[in-house]
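This report concerns only the one structure given below.
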């Protein structure tokens with residue numbers, strides 16, 4: 001795995017615009033080439049749906065365990081706390097609070113090659 005990481009790092013050092021060029025393969029004048037297609041809707045729907053349903057299922061199961069005073073489906077208080085914390089951290093906190101402000105990297109549609117200002 002370290003070798004793969006080293007090769008990828010070397011590629012990005014030698015060819016710093018490789019990510020923009022690859023992104024350009026999937027972009028046209030109207031934006032992302034698959035935007036609005038059934039593939040885009042399926043992918044977006046599955047990811048959002050799975051995340052929402054995981055949270056919606058975890059909360060009542062956790063509450064049922066608290067009311068009954070014992071684990072539900074083998075998941076105790078700590079397991080449900082972990083599931084909910086992982087969902088909140090992975091979907092909200094890390095991208096919006098940590099990655100976006102720290103790295104400040106423009107999204108592809110914000111860059112000059114794709115008609116943006118950066």
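Per the listing 101, 113, the residue uniquely modelled with pLDDT under 75 and in contact with a strand residue (DSSP E or B) (Cβ under 9 Å, 6 or more places away or on another chain) is 113.
Elements of the type helices (runs of 4 or more DSSP H) sitting completely within the stretch 1-74 and holding at least 2 residues that are in contact (Cβ under 8 Å) with a residue 24 or more places away in the chain, farther than 22 Å from residue 88 by Cα and in contact with a helix residue (DSSP H, G or I) (Cβ under 8 Å, 6 or more places away or on another chain): these cover 18-24. Within the stretch 41-87, track down each residue that is closer than 30 Å to residue 22 by Cα, at pLDDT 85 or above and either surrounded by 12 or more Cβ atoms within 10 Å (Cβ to Cβ) or over 20 Å from the mean Cα position of the chain (by Cα) (or both). Once the filter is applied, which keeps residues that are closer than 30 Å to residue 22 by Cα, at pLDDT 85 or above and either surrounded by 12 or more Cβ atoms within 10 Å (Cβ to Cβ) or over 20 Å from the mean Cα position of the chain (by Cα) (or both), the stretch 41-87 yields only 41.
The values are calculated or read from the model by the stated rules, or taken from the named source; none is laboratory data. These numbers come from a predicted model, not from an experiment. All Cβ positions, glycine included, derive from the backbone under ideal geometry; neighbour counts span all protein chains shown.
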